[in-house]
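Take a look at the structure set out below.
Every number here is computed from the coordinates shown, using simple stated rules; none is lab data. A quick note: this is a predicted structure, and the numbers were derived from the prediction, not measured. Cβ placement follows ideal geometry from the backbone for every residue including glycine, while neighbour counts extend to all protein chains displayed.
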């Protein structure tokens, strides 16, 4: 199986450290960094998860993803995040789809963080160019997404976009609900209760797992169950992890 991931990427940076005193100039903690973990994030995290699941995959993403950073400052002992610093977050140029041979892939994953890399007409074109397209988007949904096969959104995103949904779009939705599992066509797929350390990137893992299992089984029910298991695995780890 071969999968193409299309979407914008960044570098996820986790700066771990400790905090043992307050700043004398202001009532804020003094952070002492001790170690740093860096990995590709956003669409690149979907790509990394597919690789970890044994899938042959390619990625179409922004060339400058190494310069776009999301840095989280985290207490090593408690895993409490003090703040997140985003750098160059507005430097996404629009993608070029003209050179992609869509027929050479078994599935397409659109990982759309709504930063300008993909416009609505781009997503519609991708959906028209392949029979199996999974969309994970931060955009408000509309007619432009009817050409894709499945749409993964989380519960907050669903609440923001539900006023725009008709039956055709609703039937494509896979709604992730954190500790309550996921829902598709009013069927809820539950997850085990586990100790959560970090939910960062869990949605990327979910969509990678879902597509991987769908290519194996052609069953969306089995795919959602497998995706739930994958996401449940990574939320028990620190940082943005792969399954």
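Computed over region 124-242, the P(r) tail beyond 20 angstrom holds 40 percent of alpha carbon pairs. For residue 58 and residue 140, the FRET efficiency from 1/(1 + (r/R0)^6), where r spans their Cβ atoms and R0 equals 22 Å, is about 0.15. Scoring 108-114, 83-89, 205-211 by mean Cβ neighbours within 10 Å over their residues and listing the highest first yields 205-211, 108-114, 83-89.
Taking the C-alpha atoms only, the angle from helix 120-129 to the longest principal axis of the chain is near 50 degrees.
Can you tell me the length gained on complete extension of the stretch residue 94 to residue 23, counting 0.36 nm per residue apart and subtracting the Cα distance? Can you show the working numbers first?
On the way: separation 71, 0.36 × 71 = 25.56 nm, distance 4.26 nm.
Taking 0.36 nm per residue and subtracting the Cα distance, the gain is 21.3 nm.
If you average the sequence gap of Cα pairs under 8 Å that are 6 or more apart and divide by the length of the chain, what percent do you get for the contact order? Show your work: numbers first, answer last.
Numbers: 518 pairs, mean separation 43.8, N = 243.
This gives 18 percent for the chain.
Length gained on full extension, residue 160 to residue 30: 43.1 nm, using 0.36 nm per residue less the C-alpha separation. With axes computed from alpha carbons, what is the tilt in degrees of helix 43-52 against the longest principal axis of the chain, rounded to the nearest 10 within 0 to 90? Approximately 80 degrees, to the nearest ten. Run a plain Debye calculation on region 72-193 (Cα atoms as equal point scatterers, no solvent) and give log10 I(q)/I(0) at q = 0.09, 0.21, 0.22 Å⁻¹, rounded to two decimals, same order as the q list. Calculated log10 I(q)/I(0) at the listed q: -0.33, -1.19, -1.23. Which residue fluctuates most in the GNM of the chain (Cα springs below 10 Å): 138, 146, 218? Evaluated over the chain, the most mobile residue of the options is 218. Against the chain, whose longest principal axis comes from its Cα atoms, helix 202-217 is set at around 30 degrees. Inter-label distance, residue 78 to residue 168: 5.1 nm, where each label sits 7 Å from its Cα along the C-beta direction. Region 23-51 and region 181-202 have Cα centres lying 24 Å from one another. In region 61-165, Cα pairs under 8 Å separated by at least six residues give a relative contact order of 19 percent.
Mean-square fluctuations from a GNM of the chain, with a 10 angstrom spring cutoff on Cα atoms, peak among 74, 151, 100 at 100.
In deg cm²/dmol, rounded to 500, what helix-only [θ] at 222 nm does the chain give when every DSSP H run of at least 4 residues adds -39500 (n - 2.57) and the total is split over its residues?
On the way: 6 runs with 62 residues, N = 243.
Counting only the DSSP helices, I get -7500 deg cm²/dmol.
Solvent-free Debye calculation, one equal scatterer per alpha-carbon of the chain: log10 I(q)/I(0) at 0.07, 0.08, 0.18 Å⁻¹ equals -0.24, -0.31, -1.43.
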